[in-house]
Amino acid sequence: MSGQSFYAPNKGPAEWLNPNAFSTPPTALGSFGDLGRDALRGDNFKNLDFSLFKQFPITERYRVEFRFETFNLFNTPTWGFPDQNIQDKNFNTISSTRNVAARQLQYGVKFYF
């Protein structure tokens, strides 16, 4: 590979890798090429959790707390890994995400005594 990047200029699920940077090795089927271990990376994990708390005193001893929490606030997908089989028609495409869950909202009331 002479100066080409492994990755596409605008990485996304339709094209993550630069297909021109790869070729089928001329060796026997089932053998490995010369790319090197851990040379390619998947998408970075992106997640923003946010919470708000407000306490209201009732007496000196008792108070109520209202809570609002959100997980994955912006519902940002973290793309899975692309198909890495160069002989496959889906080579270089991503067909899944790695997010465990989509955005979650949670409300709560807590009573302290």
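The values are calculated or read from the model by the stated rules, or taken from the named source; none is laboratory data. The structure presented is a predicted model; accordingly, all values stated were derived computationally and were not measured. All Cβ positions, glycine included, derive from the backbone under ideal geometry; neighbour counts span all protein chains shown.
Figures for the structure shown
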{"read-out": "Residues of the stretch 29-48 satisfying the condition of being within 19 Å of N18 (Cβ to Cβ), charged (D, E, K, R) and either assigned to a strand (DSSP E or B) or under 27 Å from the mean Cα position of the chain (by Cα) (or both)", "value": "D38, R41, D43"}
{"read-out": "Residues (among the hydrophobic types (A, V, I, L, M, F, W, C), without any contact (Cβ under 8 Å) to a residue 24 or more places away in the chain and surrounded by 10 or more Cβ atoms within 10 Å (Cβ to Cβ)) located in the stretch 56-99", "value": "I58"}
{"read-out": "So D43, is it among the charged types (D, E, K, R), farther than 30 Å from Y112 by Cα and at pLDDT 75 or above", "value": "yes"}
{"read-out": "Boolean, F66 is in contact with a Leu (Cβ under 7 Å, 6 or more places away or on another chain) and either of a type in the set (D, E, K, R) or over 20 Å from A14 (Cβ atoms) (or both)", "value": "no"}
